[in-house]
Amino acid sequence: MSSKGGSPSDSALGGASIMGFAISSLTPGNLGVELSEMSNKASESSDLSDVAEASELVREVAPVQGATIRERILFAARKLGWRYSRTRDVWYEQARRIDAGEMDQLRRTMDARKLQEATNEYRDLRARIARIEAALLASDEDFHRPQIDALQQSLRGLGGVAGAGTDGDDE
């Protein structure tokens with residue numbers, strides 16, 4: 001033993017540390033406590049990534065155009081059924097943790113939003129094709145027949161029916 005009351009290995013290690021913990025303080029009796037503290041530090045970074053992901057999703061839930069940040073947070077809170085303060089904490093990444101149920105809800109809300117956007121885009125595309133076809137039919141049907149047939153084929157590919165002015169069975 002050394003004269004200071006420490007173990008002989010204390011002086012041999014020269015005050016070395018692992019992840020901020022002095023090696024000399026690691027004993028079989030407190031090793032579990034020290035490892036638990038290290039695990040907590042590691043999980044904090046995982047929690048932070050969950051909070052960052054949740055913040056991004058909350059921001060995507062809220063509309064961007066013509067709204068202040070406060071209005072966007074309020075909209076997201078109403079859409080999610082959360083308290084304003086909880087939504088604000090997630091928005092600014094100040095939440096201590098994100099529950100699995102909250103992440104699931106955020107993901108479901110975003111999936112529903114993406115599905116609605118895709119449905120709207122599909123409907124708009126079909127309407128645009130129908131307008132183009134109608135314009136071609138109105139100007140000179142015989143001259144534009146190849147383009148009209150191509151548009152009708154596009155509509156069929158989108159799951160639509162043949163366009164205006166034809167029965168769609170002339171393949």
**Prompt:** Which parts of the stretch 90-134 would a label at residue 74 reach, counting a residue when its backbone N lies under 15 Å from a point 7 Å out along Cα-to-Cβ?
**Reply:** none
**Message:** So, R0 is 35 Å and r is the distance between the beta-carbons of residue 121 and residue 93; what FRET efficiency does that work out to, to 0.05?
**Reply:** 0.65
**Message:** Taking R0 as 22 Å, what FRET efficiency do you get between residue 67 and residue 131 from their Cβ-Cβ distance, rounded to the nearest 0.05?
**Reply:** 0.10
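Quick note: the coordinates plus some simple rules give every number you see, no bench work behind them. Predicted model, so just to flag it, every value in this text is computed and none were measured. Here the Cβ is made from the backbone with ideal geometry for all residues, glycine too, and neighbour counts use every protein chain on show.
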